[in-house]
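Student: Below you'll find the structure I mean.
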Amino acid sequence: MSSISQKLQAVHESIRNSTAQASRPGDAVALLAVSKTFGADAVLEAIAAGQFAFGENYLQEALDKIIAVRTATTATVATAAAGLVGAVEWHFIGPIQSNKTRAIAENFAWVHTVEREKIAQRLSDQRPAALAPLNVCLQVNISNEASKSGVAPEDALAVAQAIAALPRLRLRGLMAIPEASDDPVQQRAAFRRLRQLFIQLQESGLMIDTLSMGMSGDMDSAIAEGATIVRVGSAIFGRRDQASSV
Ligand SMILES: *Cc1c(COP(=O)(O)O)cnc(C)c1O
């Protein structure tokens, strides 16, 4: 099994190939390393390899890890001197319960999984004044699955406009987790629907720049359809055990 550093390199190479194939600039796609279920040691290994943005799904696990990583990077003279402590950026990518919004607003730079105005309102109210506005993506149920999270595509514009009006949030764009498929044609069709919705919202006057779509199994399709952030876990950190995987 290769190291986290080697797997990160392989993912970057795959992103470079996909952007080139889509005639998109090499820096058009940012990599969010999804570290859920993996420990602070794995995150520190990725930081040492130059990765600074991490995605987490479970709040308590994330808070423990954020503190452990901050302590470790602060304690190491080299990383502290290099400014790495402040460079690490945490993204919340899991389902959000109302009673968790304060801790999310206080500890994360981004939230990809906002799907209700009420949650957005709480995040805005609870975002500390000392921090920059919280970057958020509106999650869309692009495959129209009854069981899946996200707003229905037809409601996306209204909810996006409501979020964009909140003072302590910065609406950045849209996020989706399409129905899993091994077929690139189906993968691309779902990602294309999200991109078309994104363009509609831009044409309605919303200043948005982010399409958060694509995971380990479908990132190439997502990049072909315009992803600007891919959220990649297992291709970097390895397989998650069944019990704790999502
Ligand atoms: C777990 C997760 C990922 C990463 O999935 P992999 O298949 O391990 O790359 C991306 N996005 C969300 C929302 C997740 O929950």
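The values are calculated or read from the model by the stated rules, or taken from the named source; none is laboratory data. In this text, all values refer to a predicted model and were calculated from it rather than measured experimentally. Here the Cβ positions follow ideal geometry from the backbone for every residue, glycine too, while neighbour counts run over all protein chains shown. Keep in mind that these areas ignore ligands, DNA and RNA; they rest on the heavy atoms of the full protein, side chains included. Shrake-Rupley method; radii C 1.70, N 1.55, O 1.52, S 1.80 Å.
Student: Can you name the residue in the range 211-233 that is in contact (Cβ under 8 Å) with a residue 60 or more places away in the chain and open to solvent by 50 Å² or more (accessible area, probe 1.4 Å) and is also nearest to the ligand (Cβ to nearest atom) among such residues?
Tutor: Residue satisfying both the conditions and the ranking: MET215.
Matching residues to (1) out of contact with any Phe, Trp or Tyr (no Cβ under 9 Å at 6 or more places or on another chain); (2) open to solvent by 10 Å² or more (accessible area, probe 1.4 Å); (3) within 16 Å of the ligand (Cβ to nearest atom); (4) not in a helix (DSSP H, G or I):
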| site | (1), (2), (3), (4) |
| --- | --- |
| THR113 | no, no, yes, yes |
| PRO128 | yes, yes, no, yes |
| LEU131 | yes, yes, no, yes |
| LEU138 | yes, no, yes, yes |
| SER143 | yes, yes, yes, yes |
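Student: For the range 1-102, which helices (runs of 4 or more DSSP H) that fit wholly inside it have 2 or more residues that are open to solvent by less than 20 Å² (accessible area, probe 1.4 Å)?
Tutor: 4-21, 40-48, 59-75
Student: Looking at (1) among the small types (Gly, Ala, Ser); (2) open to solvent by 40 Å² or more (accessible area, probe 1.4 Å); (3) modelled with pLDDT of 95 or more, find the lone condition where SER147 falls short.
Tutor: (3)
Student: Of the conditions (1) under 22 Å from ASN135 (Cβ atoms); (2) away from the ligand (no atom under 16 Å from the Cβ); (3) out of contact with any helix residue (DSSP H, G or I) (no Cβ under 8 Å at 6 or more places or on another chain); (4) not in a strand (DSSP E or B), ILE208 clears all except one; give me its number.
Tutor: Among (1) under 22 Å from ASN135 (Cβ atoms); (2) away from the ligand (no atom under 16 Å from the Cβ); (3) out of contact with any helix residue (DSSP H, G or I) (no Cβ under 8 Å at 6 or more places or on another chain); (4) not in a strand (DSSP E or B), the lone unmet condition for ILE208 is (3).
Student: Still on this model: Return yes when VAL151 is over 27 Å from ILE15 (Cβ atoms) and within 16 Å of the ligand (Cβ to nearest atom) and no when it is not.
Tutor: Yes; evaluated as a whole, the condition is true for this residue.
Student: Within the range 173-192, is even one residue open to solvent by less than 30 Å² (accessible area, probe 1.4 Å) and more than 28 Å from ARG239 (Cα to Cα)?
Tutor: Yes, that holds for at least one residue.
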